1. Given the criteria assigned to a loop (DSSP other than H, G, I, E, B), within 16 Å of the ligand (Cβ to nearest atom) and either farther than 24 Å from residue 211 by Cβ or in contact with a helix residue (DSSP H, G or I) (Cβ under 9 Å, 6 or more places away or on another chain) (or both), does residue 85 qualify?
2. Kindly state which helices (runs of 4 or more DSSP H) lie completely within the range 123-212 and contain at least 1 residues that are within 10 Å of the chain's Cα centre (by Cα) and touching a residue at least 60 places away in the same chain (Cβ under 8 Å).
3. Those residues that are assigned to a helix (DSSP H, G or I) and more than 18 Å from residue 42 (Cβ to Cβ), I need them from the range 95-120; list them, please.
4. For residue 188, all conditions in the list (1) within 15 Å of the ligand (Cβ to nearest atom); (2) within 24 Å of residue 108 (Cβ to Cβ) hold save one; what is the number of the exception?
5. Within the range 106-152, which residues are more than 24 Å from residue 57 (Cβ to Cβ) and in contact with a strand residue (DSSP E or B) (Cβ under 7 Å, 6 or more places away or on another chain)?
6. Please work out if residue 175 is more than 13 Å from the ligand (Cβ to nearest atom) and at pLDDT 95 or above.
7. Determine whether residue 33 is in contact with a helix residue (DSSP H, G or I) (Cβ under 9 Å, 6 or more places away or on another chain) and at pLDDT below 95.
8. Taking the condition within 14 Å of the ligand (Cβ to nearest atom), farther than 16 Å from residue 193 by Cβ and surrounded by 14 or more Cβ atoms within 10 Å (Cβ to Cβ), does residue 137 pass?
Ligand SMILES: [Fe+2]
């Protein structure tokens, strides 16, 4: 069964690409990614994944996310995920031209020798690349998101308080995501550097469109907010790039 996917700019179902280097079970076919411009950016260059451009200054999200946190988070933490992913992929040169989306969507079929690294470090690479694009000050929630959130949660206030409550309930390190699935917005969590794409191979008919995510690792907020995660989470609404989110819904 070919699988419809919805992640605009990153992932679309296409029969144009094959994943010959990956092996799949009898009933599983690879979920493939269409080489859109942004998806192409997530492919390795000369076999190496690279840190994507941040696109804004470290201090541009002040005072909600401080410049020092942004610099360390982007240039150290994200870079470390990429470095470790590249180290691991040296062991499986047959996979070295795959976009990170292709690997995560087909995680179940990635060779055991690198599966853990793809999950943790590849997941970290995708999650942070997505996160950086979701951040900007000065934008307003768009009409499409407002409509969907109202339909799914009753009103925007309930959407926000639900998101905050779920974020406060994440134990340890992880993420909270807003996904679009069956025309409904849903709030889901993932541990460590997992993300909703990783479920796709197991339950392809449930392929979500990832709309928004918040990094709840302490490295994302501890320098400024210390143990007050709630301040980081409630401040997050001031730095969501609603223009980007609205674009994902079109
Ligand atoms: Fe992070």
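The values are calculated or read from the model by the stated rules, or taken from the named source; none is laboratory data. As the structure is a computational prediction, the values presented were derived from the model and not from experiment. Every residue, glycine among them, receives a Cβ derived from its backbone with ideal geometry; neighbour counts consider all protein chains shown.
1. no
2. Output list reads 123-133.
3. Listed by number, the residues that qualify are 108, 109, 112, 113, 115, 116.
4. (1)
5. 148, 149, 152
6. So residue 175 fails the test.
7. Yes.
8. no
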